[in-house]
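Can you read through this structure? Questions will come right after.
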Amino acid sequence: MNKVKILRPDDWHLHLRDGETMKAVLPATARAYGRAMVMPNLTPPITSVKQAVEYRKKIVESIPDKNNFTPLMTCYLTDSTSPHELVKGFMDQVFIAAKLYPAGATTNSENGVTSIKNIYSVLEKMEIHGIPLSIHGEVTNPEVDIFDREKVFIEQVLIPIRKKFPELKIVFEHLSSKEGVDYVLEKDGPTFSTITPHHMLLTRNDLFKGGLRMFNYCLPVVKKETDRKAIVDAATSGDDHFFFGSDSAPHFEKNKLKDKAAGGIFNAPNSIEYVTQIFAENNKIDQLEKFTSLNGASFYGFAPSEESLILIKKEKPIEKDLSIMQGKDNIRSFKPDVPLYWEIAGSNYNNRFEKNEIEDAR
Ligand code: NCD
Ligand code: ZN
């Protein structure tokens, strides 16, 4: 199978940043994805409806011409989030979800939640109103081994939240461990999850192969082969509890190459291509559309896209450097050691292909 047609995919976990960086990276997402859940970890974070509306406006104004990409906004939870503000934003269809960053867990999480108990009154309202809680699922206790922080989060935070709020809709973001996959598979309440291309491709060996590899460093940090395999099996299974969220997280090269390098992988320029390749290599291309275009939309209560995307497999690997310059600064694109053979051949939303060619791909 060297060609596939899918409904236009959505990205259910994306960092766009702000200002010139946002303008520089947005086209890489809009070229492929119809909608994206935009993460709120700006400085300062997006905590109010007003901020979210302004941020959304700036994104919409930067969308390339003739592209109907839709940004979906999230609310950054803090110890002092007002349940009223969040519910108002959700009712007005500004906030689609609220994001829990344990304070100190990742980039721009300093204002995050210091103890889950501090937001119990918010979670109570979220459960009542059906507002999804998007979770960065890692404990921040420095004594816990960094490779165990997702597993320990499940035990110490996720299971207690689930017990206290049995109907709360949860998205366990960027699954990185077999324990995370197994927890979602238990289906102990409405816990769904996003999966990134890099957690399907990399293991911790890729952090050290031939030297320290900062561009493979993200949070949650990539783990062992057994974890990677469990994640690929989950994504390609077709189970509607798993859907695509790139966690594309642009950082300037200079901030990736310094001591205390920033965590985050910028994969927007080739994320759908790598995901397609993984499904093809696992003989699961028939499950691709569920993962990229159907399961997430269904969870968040959106209709699937009416547009389509065609991808084809080339004979030779695609070597093009997809990094993006912003002024004098380079934002290096995801480049795992695995060669990429798939590329977007066309879509019916930018008129690059005639309709009959789209039909041929079916
Ligand atoms: C993200 C970022 O840079 O904003 N970094 C990352 O490594 N994934 C934050 C996040 O999602 O954890
Ligand atoms: Zn993220």
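The values are calculated or read from the model by the stated rules, or taken from the named source; none is laboratory data. Since we're looking at a predicted model, the values are computed, not measured. As a convention, Cβ positions derive from the backbone with ideal geometry for all residues, glycine included, and neighbour counts pool all protein chains shown. For the accessible areas, the whole protein counts, side chains as well, though only heavy atoms, and no ligand, DNA or RNA atoms are used. Shrake-Rupley method; radii C 1.70, N 1.55, O 1.52, S 1.80 Å.
With 10 Å bins from zero, work out the P(r) of segment 14-162 over every alpha carbon pair and list the percent per bin.
11, 38, 33, 16, 2, 0
To continue, here is another question. Net charge near MET91: determine it from the other residues with C-beta under 14 Å of the C-beta of MET91, scoring Lys and Arg +1 and Asp and Glu -1.
Neighbourhood net charge equals 0.
What is the gain in length, in nm to one decimal, between LEU257 and ALA303 on full extension, counting 0.36 nm per residue of separation less the C-alpha to C-alpha distance? Each step should come with its number before you reach the end.
On the way: separation 46, 0.36 × 46 = 16.56 nm, distance 4.15 nm.
Contour length minus the Cα-Cα distance gives 12.4 nm.
Roughly speaking, what % of Cα-Cα pairs in the chain are separated by over 27 Å, rounded to a whole number? Intermediate values should be presented prior to the final figure.
On the way: 28049 of 65341 pairs.
Within the chain, distances greater than 27 Å cover 43 percent of Cα pairs.
Name the most mobile residue of PHE243, PHE266, PHE215, meaning the one with the largest mean-square fluctuation, in a Gaussian network model of the chain with Cα contacts below 10 Å.
PHE215
Additional query: Each residue of segment 68-85 in turn: what ³J(HN,Hα) in whole Hz from Karplus with 6.51, -1.76, 1.60 and θ = phi - 60°, glycine and Pro shown as x?
9, 4, 10, x, 10, 9, 10, 9, 7, 7, 10, 4, 10, 4, 8, x, 4, 4
Another one. Can you list the residues, at least 5 places off or on another chain, whose amide H is less than 5 Å from the amide H of TRP342, using H built in the peptide plane?
LYS314
Roughly how much of GLU20 is accessible, in Å² to the nearest 10, using a 1.4 Å probe?
About 110 Å², rounded to the nearest 10.
Picking from ALA235, ALA297, ALA261, which is most flexible by a Gaussian network model of the chain using Cα springs under 10 Å?
Of the options given, ALA261 has the highest mean-square fluctuation.
Using protein chains only and a probe of 1.4 angstrom, how many square angstrom of GLU61 are accessible, to the nearest 10?
Accessible surface of GLU61 is approximately 130 Å².
Please list, ordered by chain and number, the residues whose modelled amide H lies under 5 Å from the amide H of VAL222; skip anything fewer than 5 residues away on the same chain.
It is none; the list stays empty.
Mind pulling the angle between the C-alpha long axis of helix 225-236 and the longest principal axis of the chain? Nearest 10 degrees, somewhere in 0 to 90.
80 degrees
Could you order ILE312, ILE135 by accessible surface area, starting with the largest, using a probe radius of 1.4 Å?
Numbers: ILE312 40, ILE135 0 Å².
Ranked list, largest accessible area first: ILE312, ILE135.
Which whole-Hz couplings ³J(HN,Hα) result when phi for each residue of segment 279-284 is put into the Karplus expression 6.51 cos²θ - 1.76 cosθ + 1.60, θ = phi - 60°, listed in order with x for Gly and Pro?
Along segment 279-284, the couplings run 5, 5, 5, 9, 6, 10 Hz.
Shifting gears a bit: Between 0 and 90 degrees, rounded to the nearest ten: what's the tilt of helix 49-61 against the longest Cα principal axis of the chain?
So the helix axis and the longest Cα principal axis differ by about 10 degrees.
Which of rounded, prolate or oblate describes segment 251-303 when judged by the alpha-carbon gyration tensor and an a/c cut-off of 1.5?
On the way: a/c = 3.84, a/b = 1.86, b/c = 2.06.
It is oblate, given that a/c is not under 1.5 and a/b is not larger than b/c.
Students sometimes get this wrong: rank THR226, THR140, THR196, THR107 by accessible area, probe 1.4 Å, all chains present, largest first. Kindly include the intermediate steps, with their values, before the conclusion.
Values: THR226 90, THR140 60, THR196 0, THR107 35 Å².
The ordering from most to least exposed comes out as THR226, THR140, THR107, THR196.
Residues with amide H under 5 Å of THR70's amide H, sequence separation 5 or more or different chain, H placed in the peptide plane at 1.01 Å from N; which?
Close amide H contacts, sequence-distant or interchain: ARG35, ALA36.
Normalising by the residue count of the chain, find the relative contact order in percent from Cα pairs under 8 Å and 6+ residues apart.
Numbers: 727 pairs, mean separation 68.0, N = 362.
The value is 19 percent.
Contact order normalised by length for segment 255-334, with contacts defined as Cα pairs under 8 Å and 6 or more residues apart; what percent is it?
Working: 44 pairs, mean separation 28.4, N = 80.
Computed over segment 255-334, the figure is 36 percent.
Same structure, new question: Give me a comma-separated list of calculated 3J(HN,Hα) values for segment 246-254, in order, Karplus coefficients 6.51, -1.76, 1.60 applied at θ = phi - 60°, integers in Hz, x for any Gly or Pro.
Residue by residue, segment 246-254 yields 5, 6, 4, 9, x, 9, 5, 3, 4 Hz.
Build a GNM of the chain with springs between Cα atoms under 10 Å: which of GLY19, GLY130, GLY180 gets the top mean-square fluctuation?
Sorting by GNM fluctuation, first place goes to GLY19.
Something else about it: So for ASP227, ASP65, what's the accessible-area order with a 1.4 Å probe, most first? Don't skip to the answer; put the middle values down first.
Details: ASP227 15, ASP65 140 Å².
Sorted descending by solvent-accessible area, the residues read ASP65, ASP227.
Express in Å², to the nearest 10, the accessible area of VAL60 obtained by rolling a 1.4 Å probe over the protein heavy atoms while all chains stay in place.
Only protein atoms counted, so the area is about 80 Å².
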